[in-house]
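A.B. asks: What follows is a single structure, and I will ask about it in a moment.
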Amino acid sequence: METTRYGYVFDTVAIHGVEAIGSHGVFDFERERRVPFRADIEVLVDASQAAARDQVADTVSYADLAADAEAILAGPPVNLIETLAARIAEAALARGGLAAQVTVHKPEAPVAQKFTDVAVTVRRDGPLLARGTIQEVVLGLGANLGEPEAALDWAIGEIKKLPVHVSAVSDYYRTEPVLDPGQATQPDYTNAVLVLTTALAPLELLAALQEIEVRGGRVRHTHWGPRTLDIDIEKFGDIKSSYWRLQLPHPRAATRGFVLEPWAEIQPEAELDGIPVRELAAALARNTSETAPAGSASKTAPAGNASETAPAGNASKTAPAGNASETAPAGNPRPGGAAPRSTAPRGSSTRPGGEA
């Protein structure tokens, strides 16, 4: 079973020779007799958390795989062992496997010729690895080092080069960083939300976005540290995931004003876990007791860092993304060496927002 996917190296949990007696087959006489069926199951997992914490809850239990396979093999009759294999694979994915390979053996198949075994192997990818279905994705972007607006301009341009269709980009928003006690001060963040559609797998897109972050100068060191560029996947279709590399929807999206405000700007009818994003944004604003007068360049609003849990700070909206000239003053290089697109002066727009 292939263990490297989209640049990530995974592990496997396997159990072979799970046997049960069943009555599967296309012929009537097969439904009247009971013969052995066996299953070999291999599941793609990330065993790093289980190995570090030594907890079975952090992996896929081979005992559960065996119990599921036995129940399916001994369960209601079906015509084909292909069906059995597919059902066992689906059960393995439901247990948290990222992908599954299942072989079902029917050693007493009704074949006239002499043989030693009959088997069918199926392979199935779970939602995080499956590609080919066009889905809508919401990204949050943020930066607070160097030329943040130029960094976001560049990142958006690089995202558009991927096999995706970018359908909307929010205006840029400015947010005060939230710091740990004693942590050094940082510049304000510039943030945006971007909506795209793609047939890429979620982990495939994540790998591509992380490559863009690296090329944009991203270095992961300090908790709530400054960022040259940060790109988060906030939502990927209706996929739900608790996998540590990519939790979906983003577990803190509903509490981040710097995500909700720009998202509601470009998708007023969008929902997160069944709740309209604009309602979440309004509720968050009420909970943080917004007091700024209408039209003010800043207001008390949730803010924080793009990839960490953080309450939010004061946010103000800057120039619309993409409404900038392609040339910029000399000496303001953007990541990758290209010149940044200049934006309108900060404060030229007064709508509040936040970070990605």
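Read-outs throughout are calculated quantities, based only on the coordinates presented, and are distinct from any laboratory measurement. Computed from a predicted model, the values in this text were never measured in an experiment. Please note: Cβ atoms are built from the backbone with ideal geometry, for glycine as well, and neighbour counts cover all protein chains shown.
A.B. asks: At 0.36 nm per residue, and after removing the present C-alpha to C-alpha distance, how many nm does the segment from V56 to V214 gain when stretched out fully?
C.D. replies: The V56-V214 span can extend by a further 53.5 nm.
A.B. asks: Can you work out the PRE-style zone for V26? Point 7 Å along Cα to Cβ, and I want the residues of segment 102-120 with backbone N under 18 Å.
C.D. replies: 104-113, 118-120
A.B. asks: Continuing with this model, one more query. So which GluC sites (Glu not before Pro) in segment 25-98 are both in a DSSP loop and have at most 12 other Cβ atoms within 10 Å of their Cβ?
C.D. replies: E32
A.B. asks: Per residue of segment 38-47, in order, report the coupling 6.51 cos²θ - 1.76 cosθ + 1.60 (Karplus, θ = phi - 60°) as ³J(HN,Hα) in whole Hz, putting x for Gly and Pro.
C.D. replies: For segment 38-47, the Karplus curve yields 10, 10, 10, 10, 10, 10, 7, 9, 10, 8 Hz.
A.B. asks: If a/c stays under 1.5 just call it rounded; otherwise compare a/b with b/c (prolate if a/b is bigger, oblate if not). Do that for segment 1-141, with a ≥ b ≥ c from the square roots of the Cα gyration tensor eigenvalues.
C.D. replies: Cα axes put segment 1-141 in the prolate bin.
A.B. asks: While we're here: I'd like the chymotrypsin sites (Phe, Trp or Tyr not before Pro) in segment 1-84 restricted to DSSP loop residues with at most 10 other Cβ atoms within 10 Å, sorted by number.
C.D. replies: Sites meeting the loop and neighbour criteria: F27.
A.B. asks: Would you kindly state how much longer the chain becomes between Y8 and A47 on full extension, computed as 0.36 nm times their sequence separation minus their alpha carbon distance, in nm to one decimal?
C.D. replies: Additional length available on full extension: 12.8 nm.
A.B. asks: Could you calculate the FRET efficiency of N79 with S167 from 1/(1 + (r/R0)^6), where r is the beta carbon distance between them and R0 is 45 Å, rounded to 0.05?
C.D. replies: FRET efficiency, N79 to S167: 0.55.
A.B. asks: Can you figure out the FRET efficiency of R33 with Q113, using R₀ = 25 Å and their beta-carbon distance, to the nearest 0.05?
C.D. replies: That pair, R33 with Q113, gives E of 0.80.
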